[in-house]
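K.L.:
I have a structure here, written as structure tokens, and I will follow up with some questions on it.
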Amino acid sequence: MKILITAGPTREPLDPVRYLTNRSSGRMGYALAEAAVAEGHLVDLVSGPVSLIPTDGVKMHFVETAQQMWEKVRQLTLGEPPPQLAIHAAAVADYRPKVVAEQKIKKQADTLILELERNPDVLGSMRGAFGFTGYLVGFAAETQNLVANAQEKLKRKGCDLVIANDVSRKDTGFDSTENEVMLCLPSGETELIPKQSKQTLAREIIRRVVALASQ
Ligand code: CTP
């Protein structure tokens, strides 16, 4: 099966030496790519800046900003043949600085107000803008109302499955080696995959998602 995966944070420049980003390590997306390749699938991994070593056999596409990730995912989704399964594990920055200063911003007043503007939604563009008809999987990083927020995202972004994780927990999720997730289906059904290493969890997710996508 041809699989597209996004991973890692995005990096939104503010001036030549500064940027806005988040705590995503990229481990979950990289583990998914590794597990998929081990099962014999063809994997394109669109990655934000991370300090991980790509797995042999994974086709890497490195990007920095959300706009670059959107464009690369668009190209790959419209490719021939298109992916049959897309898993969006990246922690895409929702906003970017409205103005990127050409020179390093010098300190002046005691406070500094940054104006931000919305980034494109990569996952949210798959169905409408990119015409993706394959099996679509999103992640939902939540600090409260895990299942309700995941279900809302599933509907809003046209997903077939949302993998929800509670990022308020210290022991799992962002920048952690372990994760516990809740699979949320359009029927409203949910299934907990208990806490384990991101590697074993990734194998479990790939096994289930490939089976669902093949139905
Ligand atoms: N996502 C994306 N592009 C964005 C924002 C999010 O592709 N600009 C994807 C993520 O890869 C993930 C899913 O959307 O699969 C949900 O991400 P999350 O940050 O939980 O949700 P948001 O849509 O950003 O909603 P909010 O921040 O309001 O909770």
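Readers should treat all values here as calculations from the given coordinates under stated rules, not as data from a laboratory. Fair warning: this is a prediction, and the values are worked out from it, not measured in the lab. Virtual Cβ from ideal backbone geometry, glycine too; neighbours counted across all protein chains shown.
K.L.:
Somewhere in region 34-43, is a residue hydrophobic (A, V, I, L, M, F, W, C), within 14 Å of the ligand (Cβ to nearest atom) and touching a helix residue (DSSP H, G or I) at 6+ places or on another chain (Cβ under 7 Å)?
P.N.:
Checking region 34-43: not a single residue is hydrophobic (A, V, I, L, M, F, W, C), within 14 Å of the ligand (Cβ to nearest atom) and touching a helix residue (DSSP H, G or I) at 6+ places or on another chain (Cβ under 7 Å).
K.L.:
For region 169-183, name all the residues that are more than 13 Å from the ligand (Cβ to nearest atom) and assigned to a loop (DSSP other than H, G, I, E, B).
P.N.:
Selection gives 169, 170, 171, 172, 175, 176, 177.
Rundown of residues vs (1) over 18 Å from residue 205 (Cβ atoms); (2) touching a Pro at 6+ places or on another chain (Cβ under 7 Å), yes/no style:
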position	(1), (2)
54	yes, no
86	no, no
91	no, yes
107	yes, no
111	yes, no
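K.L.:
Could you pull out every one of the helices (runs of 4 or more DSSP H) wholly within region 52-160 that has 2 or more residues that are over 19 Å from residue 182 (Cβ atoms)? Outline the logic, then answer.
P.N.:
Details: elements: 66-77, 122-125, 146-156.
Hits in region 52-160: 66-77, 122-125.
K.L.:
Answer yes if at least one residue in region 132-142 is farther than 30 Å from residue 81 by Cα and within 12 Å of the ligand (Cβ to nearest atom), and no otherwise. First the steps, then the outcome.
P.N.:
So the first thing to find is which residues in region 132-142 are farther than 30 Å from residue 81 by Cα, and the list is 141-142.
Now drop any that are not within 12 Å of the ligand (Cβ to nearest atom), which leaves 141-142.
Looking through region 132-142, at least one residue is farther than 30 Å from residue 81 by Cα and within 12 Å of the ligand (Cβ to nearest atom).
K.L.:
Same structure, new question: Inspect region 94-114 for any residue being within 12 Å of the ligand (Cβ to nearest atom), surrounded by 12 or more Cβ atoms within 10 Å (Cβ to Cβ) and either among the hydrophobic types (A, V, I, L, M, F, W, C) or under 13 Å from the mean Cα position of the chain (by Cα) (or both) and give the result as yes or no.
P.N.:
Looking through region 94-114, at least one residue is within 12 Å of the ligand (Cβ to nearest atom), surrounded by 12 or more Cβ atoms within 10 Å (Cβ to Cβ) and either among the hydrophobic types (A, V, I, L, M, F, W, C) or under 13 Å from the mean Cα position of the chain (by Cα) (or both).
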